[in-house]
Amino acid sequence: SAGTWASISSACGPSVANTVSHSARIENVKVIIALRVDLLDRVYRYTRDTGFQEEKYRSSNLALNWSKPQLIEVLDRRIDKLVKNQYTKQTVTHKEILRDIHLGKGNQKPINAIDYMIDRTLFRPRDIIQFFNECISLSNGKAKIDVNTLLKAEGNYSRERFRALVDEWFGVYPNLGLSSQILRNEKRVFRVKELDLSKVEENCLESLTSRDIQDGIDSSEMTRVIEGKLKSEEYRKNIIFVFYKVGLVGLKINDNMNLSWSYLGGSSISAPEIENDSRVHIQPTFWRHFGTIDPTL
């Protein structure tokens, strides 16, 4: 009924977890609430009370992940709709618009353009659609998107996706845009111990003295580093874990474990598990933003 729905909606403010739990008692009503990961993280962080056990609610969660074929299907439907409305009644997919691309020198085999684009997403429809829209806006009316257009569009797309990611996680990590600058000009893959501690400490100091600094758990950690209350080595592992959590990097904890990406439902990783020899993979979406060296170019 309208009255019941109103009571459910008003309860969502203080605690989504409690709302779902209480709503389960209403006969013939099944409540499903969709939340981004960052918002769910805030719910668990700020609505817990004495005796709260997060794992009891986590068991009721279902992670929604997109596969590569699903992303291609979403893009193809969008392309087909766009082209049919303006040019033709025939079905059109990405195959008619994207050229295979050649990167690097010599006789390197061509790279499938759609694979290249999807590798530079966090496997979300909004990412691949934005990348494609950037390509279209720079194609100057050409029937095919060539390599030069794709690479130019990638630069714009990379910067925009970084800004979007910072905005998404602002409520949890309000200084992500500042702290993540330690990834600038780093190698595509590096070990934790290769991230120079002086660079980490310098980033903390520059962030704390920036006019853009915000109060938050991340600025508190930086302050502890500068005041000598938190070792730089420990902070380095903590901040890399944050980068993993938000999707900026993937982690290969040791040689016996596979590379894990948080947005692909990778294995659960905690900050204490990160070792000095753990490998950090910067996510290709952000290579252009961070100036990451791509060996294929």
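The values are calculated or read from the model by the stated rules, or taken from the named source; none is laboratory data. Everything numeric here is computed off the predicted structure, so don't read it as measured data. Here Cβ is always computed from backbone atoms with ideal geometry, including for glycine, and neighbour counts include all displayed protein chains. Just the protein is used for accessible areas: all its heavy atoms, side chains included, with ligands, DNA and RNA removed. Shrake-Rupley method; radii C 1.70, N 1.55, O 1.52, S 1.80 Å.
Consider only pairs whose beta carbons are under 8 Å apart and that are at least six residues apart or on different chains; among these, list those whose first residue lies in the stretch 85-114 and is at pLDDT 75 or above and whose second residue is of a type in the set (Ser, Thr, Tyr) and assigned to a loop (DSSP other than H, G, I, E, B). Close Cβ pairs satisfying both conditions: ILE111/THR296.
Listed here are the residues, each with its yes/no results for (1) surrounded by 13 or more Cβ atoms within 10 Å (Cβ to Cβ); (2) touching a helix residue (DSSP H, G or I) at 6+ places or on another chain (Cβ under 7 Å); (3) not in a helix (DSSP H, G or I).
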{"residue": "ASP215", "(1), (2), (3)": "no, no, yes"}
{"residue": "VAL225", "(1), (2), (3)": "yes, yes, no"}
{"residue": "LYS229", "(1), (2), (3)": "no, no, yes"}
{"residue": "LYS237", "(1), (2), (3)": "yes, yes, no"}
{"residue": "LEU251", "(1), (2), (3)": "yes, yes, yes"}
{"residue": "ASP255", "(1), (2), (3)": "no, no, yes"}
{"residue": "ILE269", "(1), (2), (3)": "yes, yes, yes"}
{"residue": "PRO272", "(1), (2), (3)": "no, no, no"}
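Looking at the stretch 135-155, which of its residues are among the basic types (Lys, Arg) and either touching a strand residue (DSSP E or B) at 6+ places or on another chain (Cβ under 6 Å) or without any contact (Cβ under 8 Å) to a residue 40 or more places away in the chain (or both)? Residues satisfying the conditions are LYS142, LYS152. Of all positions in the stretch 156-164, none carries a residue that is of a type outside the set (Asp, Glu), in contact with a Cys (Cβ under 8 Å, 6 or more places away or on another chain) and either open to solvent by 20 Å² or more (accessible area, probe 1.4 Å) or touching a residue at least 24 places away in the same chain (Cβ under 8 Å) (or both).
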